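The values are calculated or read from the model by the stated rules, or taken from the named source; none is laboratory data. Just so we're clear, the structure is a prediction, and the values are computed from it rather than from any experiment. Here Cβ is always computed from backbone atoms with ideal geometry, including for glycine, and neighbour counts include all displayed protein chains. Surface accessibility is based on the protein's heavy atoms, side chains included, excluding ligands, DNA and RNA. Shrake-Rupley method; radii C 1.70, N 1.55, O 1.52, S 1.80 Å.
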Amino acid sequence: MASLKKVQELQKRREEVQQGGGEQAIQKQVAMGKMTARERIIKLLDAASFNEYDLFVEHEARDFGMDQKTLHGDGVITGTGTIGGRPVCIFAQDFTVAGGSLGNMHARKITKIMDHSLKMRMPLIGINDSGGARIQEGVNSLAGYGEIFFRNTLASGVIPQISVILGPCAGGAVYSPALTDFVFVVENISKMFITGPEVIKTVLGEDITMEELGGARVHSEITGNAHFFSETEDECFEQIKILLSYLPWSNTDVPARKEIKEPNADFIIAKIVPAEKKLPYDVRNVIRAVTDGSDFFEIQELWASNIIIGFGTMGGRTVGFVANQPLVLAGVLDVDSSDKAARFIRYCDAFNIPIVTLVDLPGYLPGVDQEHAGVIRHGAKLLYAYSEATVPKITVIIRKAYGGGYIAMNSRHLRADFVFAWPDAEVAVMGPEGAANIIFRKEIASAEDPEEMRKKMVQEYKEKFANPYVAASKGYIDSVIEPQETRKSLLHALEVSGGKSVGMPAKKHGIPPF
Ligand code: HXC
């Protein structure tokens with residue numbers, strides 16, 4: 001039994017360290033609309049579930065007056081807890097302590113909890129609020145980042161890694177999040193940049209605010225670095241809990257089964273998609289018309305929204321959805337949408353989550369901008385990701401599946417396990433107008449009434465090729481289904497794919513077009 005004196009000493013030591021950077025620094029944090037690192041952990045984890053490690057770690061720096069400074073916990077809080085009753089590892093950088101900057105011992109606390117999460121096969125959640133490498137500790141800080149990046153890479157595809165950006169994340173502080181699976185940002189609070197406004201001013205003479213350079217909206221809408229955007233920290237923590245409810249705890253685990261429900265009666269699939277091919281619709285409603293209870297948790301909602309990705313539940317199990325979005329740019333594939341979908345497909349494949357692909361697109365976006373932005377390289381990522389994925393892969397062609405878009409959107413040729421098509425589907429090299437103009441150019445030009453002839457040729461092409469039956473006659477489509485049969489067909493396909501087992505040629509790893 002510990003003596004009362006020793007217990008009191010422990011309590012005193014704990015209280016002292018738990019004050020972080022002190023009252024003044026905490027008030028500054030609060031004035032910025034931010035929770036403290038400790039409050040964030042408590043809010044995110046199940047009540048009273050946090051077990052803190054390394055509370056008494058101290059820095060060892062001696063230069064630049066550091067020997068005179070005490071940095072409580074060395075600016076980061078680490079430990080384990082539970083979310084929804086399941087164990088997680090967590091760290092939260094404490095901006096009130098030396099700006100959450102990363103020194104040697106700070107990095108060692110983080111890498112220790114990372115090692116623990118990988119060894120014990122549980123998700124790692126990192127709450128980032130940091131000025132980057134601790135300048136006074138020189139190369140030791142850089143070494144610390146290197147050790148973190150290395151572990152992020154080792155853990156990639158083994159355990160879920162989640163980054164929450166809740167403050168200025170500068171320099172090295174942004175690269176660990178970039179290596180993790182999902183990045184959460186909060187309006188007005190999150191900032192991510194490699195070189196800050198002051199450096200930009202010095203080097204380039206340009207004035208820019210932190211918000212304009214790398215605020216939450218910038219990374220949610222323009223760069224695609226962030227996957228989830230919210231307006232408050234509370235909302236952000238709720239999003240993290242929802243995301244985790246869809247995920248397995250490791251690549252050898254399966255997601256928790258949920259109760260099976262019918263889709264909400266408001267989503268009537270036959271009414272969502274207009275028969276007129278040129279009219280847009282929101283493909284998210286098609287997803288909601290087939291998922292249990294119409295649930296759909298969208299990822300990267302604000303970026304490259306010509307493609308939709310996210311998790312839903314079917315038959316109680318997590319499914320990853322990839323769908324062209326006719327509401328935006330007619331659902332074309334381009335540089336960003338290819339990147340977005342390819343990475344998500346690899347995520348699902350790594351964590352044994354079946355993929356359902358909904359197809360309705362006119363092809364890849366034409367134009368000099370796209371060509372020069374590398375649409376060949378980026379578009380190839382999608383082909384690569386679908387081809388190498390060995391989880392169950394099911395495709396539904398809703399309307400248009402033209403050209404490279406048809407192949408890229410999980411066609412049979414990239415080893416889709418099941419391809420369904422609605423009766424309105426059109427599988428062809430290109431749309432009827434473009435096709436007729438090219439292959440009947442001479443007939444149209446030499447006709448007495450070229451316009452009349454064009455219409456006739458377009459009609460002829462439509463009758464021959466603009467349907468699902470040519471592809472179905474070759475076995476490229478397994479089944480032409482009525483729209484209202486979609487959920488039933490998908491559920492059946494998922495059910496009979498449970499034991500899927502396919503191999504890839506032996507290799508160290510492939511070389512995807514990164
Ligand atoms: C040491 C740091 C620090 C750092 C902040 N602080 N960043 N200490 N190293 N990198 C300290 C400040 O000195 C201050 O200490 C306290 O944290 C709070 O910082 P403020 O500047 O007062 O806060 P604020 O005005 O909110 O500005 C936050 C900030 C700014 C935008 C993050 O501090 C900043 O620009 N920091 C430097 C960012 C940066 O360039 N990092 C890159 C490092 S190089 P006191 O004692 O006064 O309270 C790097 C390379 C790695 O990371 C590359 C790997 C690939």
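Among the residues of region 499-514, which ones are among the small types (Gly, Ala, Ser) and surrounded by 10 or more Cβ atoms within 10 Å (Cβ to Cβ)? Explain how you work it out, then say what you get.
Initially, region 499-514 is screened for residues among the small types (Gly, Ala, Ser), giving 499, 501, 503, 506, 510.
Across region 499-514, the qualifying residue is only GLY510.
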Given (1) assigned to a helix (DSSP H, G or I); (2) over 20 Å from SER479 (Cβ atoms), number of the condition ILE407 does not satisfy = (2)
Kindly establish whether SER294 is of a type in the set (Ser, Thr, Tyr) and either over 20 Å from ASN410 (Cα atoms) or touching a Lys or Arg at 6+ places or on another chain (Cβ under 9 Å) (or both).
-> yes
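Of all residues being on the phi < 0 side of the Ramachandran plot and touching a Phe, Trp or Tyr at 6+ places or on another chain (Cβ under 8 Å) in region 292-308, which is surrounded by the most Cβ atoms within 10 Å (Cβ to Cβ)? Just the residue, please.
In the first step, residues of region 292-308 are kept if they are on the phi < 0 side of the Ramachandran plot; the result is 292, 295-299, 301-303, 305-308.
This time we only want the ones that are touching a Phe, Trp or Tyr at 6+ places or on another chain (Cβ under 8 Å), so: 296-297, 299, 301-302, 308.
Numbers: PHE296: 20, PHE297: 18, ILE299: 19, GLU301: 16, LEU302: 17, ILE308: 28.
Filtering region 292-308 for residues that are on the phi < 0 side of the Ramachandran plot and touching a Phe, Trp or Tyr at 6+ places or on another chain (Cβ under 8 Å), the one surrounded by the most Cβ atoms within 10 Å (Cβ to Cβ) comes out as ILE308.
With the condition kept exactly as written, say whether any residue in region 314-337 is open to solvent by 20 Å² or more (accessible area, probe 1.4 Å) and touching a helix residue (DSSP H, G or I) at 6+ places or on another chain (Cβ under 6 Å).
To start, the set of residues in region 314-337 that are open to solvent by 20 Å² or more (accessible area, probe 1.4 Å) comprises 317, 327-330, 336.
Remaining after also requiring touching a helix residue (DSSP H, G or I) at 6+ places or on another chain (Cβ under 6 Å): none.
Checking region 314-337: not a single residue is open to solvent by 20 Å² or more (accessible area, probe 1.4 Å) and touching a helix residue (DSSP H, G or I) at 6+ places or on another chain (Cβ under 6 Å).
Please verify whether region 441-463 includes one or more residues that are touching a strand residue (DSSP E or B) at 6+ places or on another chain (Cβ under 7 Å) and modelled with pLDDT under 90.
Start the filter on region 441-463 by keeping residues that are touching a strand residue (DSSP E or B) at 6+ places or on another chain (Cβ under 7 Å), which leaves none.
Scanning region 441-463, I find no residue that is touching a strand residue (DSSP E or B) at 6+ places or on another chain (Cβ under 7 Å) and modelled with pLDDT under 90, so the answer is no.
Residue by residue, here is whether (1) open to solvent by less than 60 Å² (accessible area, probe 1.4 Å); (2) under 14 Å from ILE162 (Cβ atoms); (3) of a type in the set (Phe, Trp, Tyr) holds:
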residue: ILE194; (1), (2), (3): no, no, no
residue: HIS219; (1), (2), (3): yes, no, no
residue: LYS241; (1), (2), (3): no, yes, no
residue: THR252; (1), (2), (3): no, no, no
residue: ALA265; (1), (2), (3): no, no, no
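Out of the residues in region 114-130 meeting the condition of being open to solvent by less than 30 Å² (accessible area, probe 1.4 Å) and more than 16 Å from the ligand (Cβ to nearest atom), tell me which one is farthest from LEU247 (Cα to Cα). It would help to see each step written out before you state the result.
Filtering region 114-130 for residues open to solvent by less than 30 Å² (accessible area, probe 1.4 Å) gives 114, 117, 122-130.
Filter once more, keeping what is more than 16 Å from the ligand (Cβ to nearest atom): 114, 117, 122-125.
Numbers: MET114: 18, SER117: 15, MET122: 11, PRO123: 9, LEU124: 12, ILE125: 13 Å.
Residue satisfying both the conditions and the ranking: MET114.
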Can you tell me which residues in region 274-286 are in contact (Cβ under 8 Å) with a residue 60 or more places away in the chain and open to solvent by less than 20 Å² (accessible area, probe 1.4 Å)?
-> VAL283, VAL286
Failed condition for THR180, given (1) among the hydroxyl-bearing types (Ser, Thr, Tyr); (2) away from the ligand (no atom under 16 Å from the Cβ); (3) open to solvent by less than 10 Å² (accessible area, probe 1.4 Å) = (2)
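Taking the stated definitions as given, is SER49 polar (S, T, N, Q), under 29 Å from LEU243 (Cβ atoms) and within 12 Å of the ligand (Cβ to nearest atom)? Steps first, answer last, please.
Working: polar (S, T, N, Q): yes; under 29 Å from LEU243 (Cβ atoms): yes; within 12 Å of the ligand (Cβ to nearest atom): no.
Considered against the rule, which asks whether it is polar (S, T, N, Q), under 29 Å from LEU243 (Cβ atoms) and within 12 Å of the ligand (Cβ to nearest atom), SER49 comes out as no.
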Residue match in region 352-374 (condition: surrounded by 24 or more Cβ atoms within 10 Å (Cβ to Cβ), under 28 Å from SER479 (Cα atoms), charged (D, E, K, R) and at pLDDT 95 or above) | yes
Please specify each residue of region 120-143 satisfying the condition of being part of a helix (DSSP H, G or I) and under 24 Å from the mean Cα position of the chain (by Cα).
-> MET120
Scan the strands (runs of 3 or more DSSP E) fully inside region 174-280 and keep the ones with 2 or more residues being modelled with pLDDT of 95 or more and over 30 Å from PRO354 (Cβ atoms).
-> 191-193
Do we find that LYS34 is within 29 Å of the chain's Cα centre (by Cα), at negative phi, within 13 Å of the ligand (Cβ to nearest atom) and not aliphatic (A, V, I, L, M) in this structure?
-> yes
Residue within region 476-495 that is among the aromatic types (Phe, Trp, Tyr), outside any helix (DSSP H, G or I) and touching a Lys or Arg at 6+ places or on another chain (Cβ under 7 Å) present = yes
Inter-residue pairs, beta-carbon under 8 Å, first closer than 16 Å to VAL174 by Cβ and in region 201-223, second surrounded by fewer than 16 Cβ atoms within 10 Å (Cβ to Cβ) and of a type in the set (A, V, I, L, M), 6+ apart | LEU213/ILE200
Inside region 131-168, can you point out the residues that are within 10 Å of the ligand (Cβ to nearest atom) and either at positive phi or open to solvent by 60 Å² or more (accessible area, probe 1.4 Å) (or both)?
-> GLY132, ILE135, GLN136, LEU142, GLY167
If you take just the helices (runs of 4 or more DSSP H) that sit entirely in region 287-398, which of them hold at least 3 residues that are free of Cβ contacts under 8 Å to residues at least 60 places away in the same chain and under 13 Å from the mean Cα position of the chain (by Cα)?
-> 335-350
Any idea how many residues of region 374-427 are within 23 Å of GLN484 (Cβ to Cβ), hydroxyl-bearing (Ser, Thr, Tyr) and in contact with a Gly (Cβ under 9 Å, 6 or more places away or on another chain)?
-> 0
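Which residues, taken from region 421-458, are within 28 Å of LEU358 (Cβ to Cβ), in a helix (DSSP H, G or I) and open to solvent by 20 Å² or more (accessible area, probe 1.4 Å)?
GLU433, GLY434
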